Structure formats: C-alpha cells, structure tokens
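Enquirer: Next up is a structure, given as structure tokens.
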Amino acid sequence: MVFKAFPYSLKLVLFVSRLLLKLHQNHTRALKRTLSNTNAFHFKSQTPLSVAQGSDLSQKTLIFDVEGTLLKSSSVFPYFMLVAFEAGSLIRAFVLFTLYPLLCLVNQDVSLKIMVTVCFFGIKKKDFRVGSSVLPKFFLEDVGMEGFHVLRRGNKKVGVSKLPQVMVECFLKDYLEIDYVFGRDLVVYGGYYVGLMKENNKNILKRRINDVLEKDEDATVCISNKSIKREWISCSKEVYLVTDGEKKAWRSLPKEEYPKALIFHDGRLAFRPQPLHMLAMFMWFPFSLFLAISRVIVALSLPYGALIPILSFTGLHLRLTNHNSAQESSFDDDHKQHKGLLYVCNHRTLLDPLYLSFGLKRRFAAVTYSLSRMSEILSPIKTVRLTRDREQDAKMMEKMLKQGDLVVCPEGTTCREPYLLRFSPLFAELSDHIVPVALDTHVSMFHGTTAGGLKCLDPFYLMMNPGPIYRVQFLEQVRGVPIGEENSTTRFDVANYVQREIGKRLEFECTSLTRKDKYLALAGNEGFVSSSKKI
C-alpha cells in the first residue's frame with residue numbers, strides 16, 4: 001500500500017514545487033518591475049518647482065498632475081458635491097455629505113470610486129453641463145498662482161487628472177489654455193452614466209501621452225507632487241517636484257490673470273461646498289424655506305411703509321444712493337408735462353424692478369425678456385413680457401410709458417460677475433427722460449439666477465439667503481433720441497453711453513456679449529425656453 005501511494009505523493013510534491021516556483025518567479029518579476037520603476041524615478045533629475053522659476057521652459061513640453069501641482073486644495077470632495085447638487089438634487093448631495101466620514105477612512109482610490117458612483121449614477125450624458133457651466137469658477141478660484149506661472153512658460157502643456165474627463169476638460173482647455181487633458185472616462189449605458197469609471201490602464205495612458213510628445217525626450221518635463229507616485233513620470237528625464245509645504249504658501253490666481261475671463265457661470269451654490277459649509281447649509285435649509293415664504297407674503301400683502309422695515313428686520317438689505325428730494329421734484333415736474341420716466345437698469349436678478357419699486361416707494365410697470373408664469377402671478381408690480389419683435393415691442397413700451405413710469409433691463413439677461421452685457425438700443429428711441437440705474441447684489445449661500453434650471457425658483461432662492469444685499473444707485477438723467485428727430489447722436493450712442501456710465505459707477509467691465517452668448521455657453525441653447533419649462 002505504501003508503494004502504491006508513493007506515485008500520488010510524488011505527483012503532489014511535484015505540483016506543490018511547481019506552484020512555489022511559479023510564485024517565486026512572479027514575485028521576482030514584480031520586484032524587478034518595482035525596482036525598475038523606482039530607479040527610473042529616482043535617477044531622474046529631481047528639482048523643486050521653485051527652482052523652475054528661473055529655468056527656460058519655452059521650448060519644452062510640460063506634463064503635470066492637475067490635482068497635485070495646479071490646485072491648491074488637496075481635497076476633490078467640493079467638486080463632486082457641486083456635481084451632486086447641481087446635476088443631481090438636494091437629496092443626492094445629502095447622501096454624499098453623509099458618506100463623507102467613510103470617504104475619510106478609505107484609501108484615495110476607493111473614495112474616488114464612491115464619489116463617482118453617488119454623483120454620476122443615473123445622470124443623462126447629453127444633459128450634463130456642470131463641467132462647463134459650474135465647475136470652472138470653483139476650479140479657477142483654487143488655482144495656485146505660482147504653479148500656474150510655471151505652466152504658462154511651457155511650449156506645450158499636458159494635464160493628467162484622476163478626476164473624470166467631463167469634470168476637468170472644459171476648465172483646463174477653455175480657461176487655462178491647456179493643450180491636452182487626460183482624465184478618467186466614465187461608463188455610459190443607454191445614454192446615462194452608470195456611476196463607474198473605466199479601468200485606468202496605465203500603459204494606455206502612457207501611450208496616449210507619448211502620442212502627443214515631441215520625439216526629443218529631453219524637451220519633456222514632468223511636474224508632480226512628491227507624495228504621489230506617477231507612472232507617466234518615466235516619459236521624461238527631467239522632473240520638478242511640488243512639496244506640500246510649497247503648495248501651502250501658494251497664493252490664489254487673481255481674476256485679472258485668468259487667460260480667459262470668467263464672465264458666465266451657472267449653478268445655485270454661491271459658496272465653495274466644503275464639508276463644514278455644507279453642514280451649515282443643510283441645517284439652514286429648512287428654516288430658509290419658511291423665511292423665504294414669509295418674505296414673499298410680506299412683500300405681496302403690506303404697503304411700502306410697513307414692508308420695508310419688516311423685510312429689513314428679516315435680513316433683506318436695500319441700500320439706496322443718489323436719490324434726493326431735488327431730483328424727485330424735477331421728476332414730478334416732468335411727469336406733468338411728459339410721459340412717464342424710463343428707468344434703464346443693468347440686470348442682476350428677476351427682482352431688480354421690485355427692489356427699484358421698494359426704493360422709490362411707488363409701483364410702476366416692468367418689461368422683461370424672460371419670466372416664468374409663476375413669477376408673473378406673484379409679482380406685486382405689473383410685468384409685461386417682450387416678444388423680441390422690435391416694432392411690436394416698441395409700440396407696447398410706448399403705450400406703457402404714456403400710462404406711467406417703466407423699468408427696462410436692456411441687457412436681456414442676468415450676469416453674476418462684474419461685467420455688463422451689450423445694451424439693446426431700443427430704449428433710446430422711446431423717451432426723452434431716461435434714468436440710468438446701477439444695480440448690484442450680494443448673496444452668501446444661493447444664487448437667485450439660473451440659465452439651465454427652473455426660473456420660477458429664482459426669487460425663492462434669492463429670498464432663502466440669510467442676508468441678501470441690494471444696492472440701487474440712480475444716475476443723472478439722459479436724453480433719448482426720439483424717432484424722426486434729426487440729431488447727430490444715434491440710439492446706439494445713447495445705449496453705449498448708458499452702459500459705460502453704469503459700468504463706471506459699479507466698476508464693472510463693459511462687453512459686447514449678448515443673451516445668446518450666455519445661453520450658448522451655459523445651457524447649449526440660444527435662450528429661447530418653452531413656457532412649459534419655465535413654469
């Protein structure tokens with residue numbers, strides 16, 4: 001029996017021996033690869049990024065780690081929170097917020113996968129515009145000036161990111177003028193994101209980077225964070241390292257140094273959604289709903305003498321300047337002899353005419369280019385929607401001016417940043433008594449405007465802020481150019497003059513951009529939204 005069992009024992013020994021030998025060979029190969037990669041990294045010329053300030057990089061290709069060497073913050077949680085809140089919903093954002101403690105406990109790769117799943121699962125691919133309309137503003141505010149100045153000196157710039165491509169591509173290419181961007185690809189099924197990232201094949205990434213590099217390897221420079229291993233560093237013999245100490249000393253990139261000015265951006269959140277800030281928002285949100293409804297009821301039901309102090313007590317601040325009694329008396333004389341005054345305002349929110357009405361303590365009519373049906377019903381002043389037919393709109397506004405004062409916002413749409421869009425010259429032909437009004441707002445939590453969301457919620461979001469501030473400044477009257485009157489001044493001259501004067505008072509920059517430009521940038525359409533969507 002012993003001799004019969006011997007062949008089987010021998011086979012078992014041989015099998016175990018082969019298995020151990022194979023494991024040893026695999027371990028040896030892995031060790032060699034590790035040593036090779038380590039040597040490839042450590043034997044490169046490693047230089048602190050601060051030294052690169054005096055180096056000539058004008059003829060070199062720079063490959064850099066976006067999160068490690070461009071952004072000051074080491075956390076990507078706020079960017080995923082923006083995706084969850086703006087592309088998803090308040091519930092999705094709350095789910096991501098509750099998972100934050102877990103994200104801090106797991107490693108970086110697992111944390112990234114969890115955030116991608118929560119934020120992107122079920123989002124329609126063709127409707128996802130957060131990467132181009134919302135995220136660039138917050139990314140730009142997080143760019144380190146010192147790191148960006150080094151990148152600007154390169155001949156060709158290649159950004160490598162661990163974030164999904166749809167989150168970083170627009171920010172890097174359109175606003176920072178980065179030539180190539182390599183981020184993570186998301187899995188799509190039936191036109192929807194399924195919340196999974198495609199496998200990050202390091203060899204494919206390295207091959208894609210090599211495809212855009214010049215043949216001269218010495219002309220390629222890699223910039224990476226010292227605490228992070230990057231396989232694509234082997235693409236170059238020269239490496240600049242960014243330490244955590246250097247990043248802490250970086251300053252934010254000033255707005256005037258942006259390669260492309262940030263004029264348009266969308267989204268409801270007016271703050272950077274750090275975990276503690278989101279905690280404050282979720283705690284404030286239930287109370288803000290009650291506060292917003294109360295403010296609306298007060299504004300609709302009480303006379304000006306009562307509602308203004310009550311609204312001020314609730315945190316709504318109205319700051320009125322350049323409106324004196326002498327100016328008021330001259331307006332009254334004009335009312336007796338001419339038709340109503342035409343107030344021409346820049347456009348910040350849908351409540352611009354309402355705050356102007358509060359400031360003057362009298363009701364008048366307002367014309368708008370886009371207003372939801374609900375806002376028309378709730379408005380305490382008369383509102384009329386323009387048709388965008390010049391002759392028809394001119395007749396309608398002429399008729400309303402004969403009935404009393406009228407407010408118009410010739411920009412045609414709101415702009416959050418300190419810029420003025422092109423003023424439509426239609427108002428210049430309607431009245432000899434034009435009063436330019438400079439408006440500015442400040443909010444701390446929610447924006448009261450949107451290009452891609454429900455417009456009927458705009459006033460409520462503005463009212464949900466703890467202490468929104470409205471500044472109303474009256475400028476000197478301007479004489480218009482009535483139709484048929486011979487004058488060297490044209491309606492375009494009047495419109496441009498009013499725009500310049502308002503911009504000068506607010507310290508805003510005047511542009512030639514229009515409503516169409518804004519909606520093409522933020523919503524992918526020309527701003528003509530169906531009424532059903534507005535409601």
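The values are calculated or read from the model by the stated rules, or taken from the named source; none is laboratory data. Since the model is a prediction, treat every value here as computed from it, not as a measurement. Glycine gets a Cβ as well: all are built from the backbone with ideal geometry, and neighbour counts include every protein chain shown. In case anyone asks, the SASA skips ligands and DNA or RNA and just uses the protein heavy atoms, side chains included. Shrake-Rupley method; radii C 1.70, N 1.55, O 1.52, S 1.80 Å.
Enquirer: Conditions first: (1) among the basic types (Lys, Arg); (2) assigned to a helix (DSSP H, G or I); (3) modelled with pLDDT of 90 or more. Arg471 passes all but one, so which condition is the exception?
Expert: Exception for Arg471: condition (2).
Enquirer: Is it true that Asp440 is under 12 Å from Cys345 (Cβ atoms) and either of a type in the set (A, V, I, L, M) or open to solvent by 10 Å² or more (accessible area, probe 1.4 Å) (or both)?
Expert: yes
Enquirer: Give segment 454-466 a look and list any residue that's touching a residue at least 24 places away in the same chain (Cβ under 8 Å), open to solvent by 30 Å² or more (accessible area, probe 1.4 Å) and not aromatic (Phe, Trp, Tyr), or say none.
Expert: Selection gives Leu454, Pro466.
Enquirer: Of these, Asn225, Asn155, which one is at pLDDT below 90 and either open to solvent by 30 Å² or more (accessible area, probe 1.4 Å) or within 23 Å of the chain's Cα centre (by Cα) (or both)? Write out each step before concluding.
Expert: Details: Asn225 fails: either open to solvent by 30 Å² or more (accessible area, probe 1.4 Å) or within 23 Å of the chain's Cα centre (by Cα) (or both).
Residue meeting the stated conditions: Asn155.
Enquirer: Failed condition for Phe364, given (1) over 21 Å from Met463 (Cβ atoms); (2) out of contact with any Phe, Trp or Tyr (no Cβ under 9 Å at 6 or more places or on another chain); (3) crowded, with 17+ Cβ neighbours inside 10 Å, with all others met?
Expert: Of the numbered conditions (1) over 21 Å from Met463 (Cβ atoms); (2) out of contact with any Phe, Trp or Tyr (no Cβ under 9 Å at 6 or more places or on another chain); (3) crowded, with 17+ Cβ neighbours inside 10 Å, the odd one out for Phe364 is (2).
Enquirer: Got at least one residue in segment 396-417 being surrounded by 17 or more Cβ atoms within 10 Å (Cβ to Cβ), within 30 Å of His277 (Cα to Cα) and in contact with a Leu (Cβ under 6 Å, 6 or more places away or on another chain)?
Expert: yes
Enquirer: Same structure, new question: Residue pairs, Cβ under 6 Å, 6 or more apart or interchain, first in segment 361-387 and at pLDDT 80 or above, second open to solvent by 70 Å² or more (accessible area, probe 1.4 Å) and of a type outside the set (Lys, Arg). List them.
Expert: As it stands, the answer is Pro380/Leu300, since those pairs meet every condition given.
Enquirer: If you check every pair at least six apart or on different chains, which have Cβ atoms under 7 Å apart with a residue in segment 244-260 that is farther than 14 Å from Pro136 by Cα and among the hydroxyl-bearing types (Ser, Thr, Tyr) first and a residue that is at pLDDT 95 or above and open to solvent by 40 Å² or more (accessible area, probe 1.4 Å) second?
Expert: Between residues of segment 244-260 that are farther than 14 Å from Pro136 by Cα and among the hydroxyl-bearing types (Ser, Thr, Tyr) and residues that are at pLDDT 95 or above and open to solvent by 40 Å² or more (accessible area, probe 1.4 Å), the close pairs are Ser252/Glu141.
Enquirer: Quick one: which of Phe148, Phe171, Phe182 is in contact (Cβ under 8 Å) with a residue 12 or more places away in the chain, closer than 15 Å to Asp65 by Cα and in contact with a Phe, Trp or Tyr (Cβ under 7 Å, 6 or more places away or on another chain)? Walk me through it before giving the result.
Expert: Numbers: Phe148 fails: in contact with a Phe, Trp or Tyr (Cβ under 7 Å, 6 or more places away or on another chain); Phe182 fails: in contact with a Phe, Trp or Tyr (Cβ under 7 Å, 6 or more places away or on another chain).
Matching residue, one of Phe148, Phe171, Phe182: Phe171.
Enquirer: Now, a different point. Name every residue in segment 268-306 that is modelled with pLDDT under 95 and part of a loop (DSSP other than H, G, I, E, B), in order of residue number.
Expert: Listed by number, the residues that qualify are Leu302, Pro303.
Enquirer: Let me ask something else about it. Look through segment 91-125, keep the residues that are part of a helix (DSSP H, G or I) and of a type in the set (Phe, Trp, Tyr), and return whichever of them is most open to solvent (accessible area, probe 1.4 Å).
Expert: In this case the residue turns out to be Phe94.
Enquirer: Could you look through segment 359-380, keep only residues that are more than 32 Å from the chain's Cα centre (by Cα) and of a type outside the set (D, E, K, R), and pick out the one that is nearest to Val472 (Cα to Cα)? Lay out the reasoning, then the answer.
Expert: Within segment 359-380, the first condition is being more than 32 Å from the chain's Cα centre (by Cα), and the residues that meet it are 360-365.
Checking which are of a type outside the set (D, E, K, R) leaves us with 360, 364-365.
Working: Leu360: 10, Phe364: 16, Ala365: 17 Å.
Looking at the filtered set, the residue picked out is Leu360.
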